[in-house]
Amino acid sequence: MLRKNSVINYGMVGGGPGSFIGDVHRKAAGFDHQAGLVAACFSRDYEQTKLTGEELGLELNRLYKNYKEMAEVESARQDGIDFVSIVTPNASHYSIARTFLEKGINVVCDKPLTIKIAEAEELVRLSREKDLLFGVTYAYTGYPMVKQARQIIKKGKIGEVRMVIAEYPQEWLASPVEKLGQKQAIWRTDPELAGISGCVGDIGSHIENIVSYITGLKIESLYARLDTFGEDRSLDDNAALLLKYNNGASGVYWCSQVAIGESNGLRVRIYGESGKIEWEQESPNQLLVAYLDKPLEILEKGRDQLDPSVGDIVRLPAGHPEGYYEAFANLYKSYISALIDKKRGKNIKEEEHDYPTVEAGLEGVRFINLTVSSSKTGKVEYF
Ligand SMILES: NC(=O)c1ccc[n+]([C@@H]2O[C@H](COP(=O)([O-])OP(=O)(O)OC[C@H]3O[C@@H](n4cnc5c(N)ncnc54)[C@H](O)[C@@H]3O)[C@@H](O)[C@H]2O)c1
């Protein structure tokens, strides 16, 4: 993951000892040997930053005490970072992303983009004004079979979409692990760090993004009921939503972090006028497709003919599973290739590249906020 003389050099904020997603980003960004990690502020505690920095072989003078110093110094260096990856808890994304954008540095930020809609709008405005590339790592859209699903719908093969049923149940917050010191649970159940929602912000946001990516539909309105089952919790840990899309289709979403027996059960079913597609995160290499009056088809990555636009991210032959790291790497592959083109002076249109942009991040923040507000008021919210 550390690579001298890479085409693209990047830095990281977050991802220190004991953290979850920072290391996934490091592996994914380095997967295709185009990007090398050269600078970081892995933690608010400098000793922790040094620990991770030494493990990864980073130079001491590019390990920073805080992200502001990092943005300042890196933007002034001739060989400064081309982009920064932000992998800190939700509430800090806005100020960190803003600081790097203001210094003219491209950004990759994990979801949810920000806590407030106005903050996300400001990041959209700033990245456009500064002409910087901004990716948001909704990891699940990086899977080849999700891209195939998108192509099937785009080409009208299942007709106009009528219904979307999507769920994302997990069990890991079924007991109060935040009280036992579980690092990831502590901040996800704290509104100061997670924002106004727990479960919807953390994983409901993935449902919103993957459905929007696969179908191309826009949510017109939604009605939500949020629950908090965990003792002494202030944020939701379970949610059910009814939705209406801009083409008249209906949707039902369920996300939960207290659903015992469920590990990471993201599952999307889309029903059109003449067919259905179904994809499950825990069996990501297959896509189920059904057409009216025809036998069920199970398409498999590496074995079956996929749309040409999907083909070049299938990395292994038939029967060799690809998973979360590869999906994440596919987002980085697309982002880094856009960045390389930009460095070579090409005029980049982000929408022509296949990674979630800052606009997708803004849609996600709107979704979280409207969901919470619908549950509070008991009313339908309109986008
Ligand atoms: N895309 C996905 O599938 C996915 C999966 C998991 C997490 N996430 C997102 O990634 C982010 C991080 O989640 P996590 O589970 O890795 O959290 P974590 O608690 O495991 O790690 C957070 C890290 O950020 C560091 N940190 C906090 N504030 C900092 C600051 N101001 N400067 C520098 N470092 C700082 C912490 O020390 C820690 O190392 C969250 O926004 C989460 O929603 C996304």
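The values are calculated or read from the model by the stated rules, or taken from the named source; none is laboratory data. Keep in mind the model is a prediction, meaning the values are calculated, not measured. Reconstructed Cβ throughout: ideal geometry from the backbone, glycine too, with neighbour counts over all protein chains shown. Surface areas here come from the heavy atoms of the whole protein model, side chains and all, with no ligands, DNA or RNA. Shrake-Rupley method; radii C 1.70, N 1.55, O 1.52, S 1.80 Å.
Are there any pairs, at least 6 apart or on different chains, whose C-beta atoms fall under 9 Å, with the first in segment 182-196 and over 18 Å from Gly18 (Cα atoms) and open to solvent by 40 Å² or more (accessible area, probe 1.4 Å) and the second assigned to a helix (DSSP H, G or I) and among the β-branched types (Val, Ile, Thr), and if so, which?
So the pair list comes out as Ile196/Ile368; Ile196/Val372.
From (1) of a type outside the set (Asp, Glu); (2) within 17 Å of Thr137 (Cβ to Cβ); (3) touching a Phe, Trp or Tyr at 6+ places or on another chain (Cβ under 9 Å); (4) open to solvent by less than 40 Å² (accessible area, probe 1.4 Å), pick out the condition that doesn't hold for Gln34.
That leaves (4) as the condition not met.
Can you pull out every residue in segment 206-232 that is surrounded by fewer than 22 Cβ atoms within 10 Å (Cβ to Cβ), assigned to a loop (DSSP other than H, G, I, E, B) and over 22 Å from the mean Cα position of the chain (by Cα)?
Correct list: Thr228, Phe229, Glu231, Asp232.
Cβ-Cβ distance below 7 Å, separation of 6 or more or different chains: which pairs start in segment 267-290 with a residue that is at negative phi and part of a strand (DSSP E or B) and end on one that is surrounded by 17 or more Cβ atoms within 10 Å (Cβ to Cβ) and of a type in the set (Ser, Thr, Tyr)?
Note: pairs meeting the criteria are Ile270/Thr215.
What is the residue count in segment 57-112 for residues that are out of contact with any His (no Cβ under 7 Å at 6 or more places or on another chain) and either of a type in the set (D, E, K, R) or within 13 Å of the ligand (Cβ to nearest atom) (or both)? Please lay out each step first, then the result.
Going residue by residue through segment 57-112, those that are out of contact with any His (no Cβ under 7 Å at 6 or more places or on another chain) are 57-84, 88-108, 110-112.
From what's left, either of a type in the set (D, E, K, R) or within 13 Å of the ligand (Cβ to nearest atom) (or both): 59, 62-72, 74, 77, 79, 82, 84, 88-100, 102-103, 108, 110-112.
Qualifying residue count for the region: 36.
Being hydrophobic (A, V, I, L, M, F, W, C), farther than 20 Å from Ile158 by Cα and at pLDDT 95 or above narrows it down to one residue among Val358, Val289, Val268, Val252; which is it?
Numbers: Val289 fails: farther than 20 Å from Ile158 by Cα; Val268 fails: farther than 20 Å from Ile158 by Cα; Val252 fails: farther than 20 Å from Ile158 by Cα.
Only one candidate passes the filter, namely Val358.
Among Ala91, Ala97, Ala174, Ala118, which is the only one that is of a type in the set (A, V, I, L, M, F, W, C) and open to solvent by less than 10 Å² (accessible area, probe 1.4 Å)?
On the way: Ala91 fails: open to solvent by less than 10 Å² (accessible area, probe 1.4 Å); Ala174 fails: open to solvent by less than 10 Å² (accessible area, probe 1.4 Å); Ala118 fails: open to solvent by less than 10 Å² (accessible area, probe 1.4 Å).
Answer to the check: Ala97.
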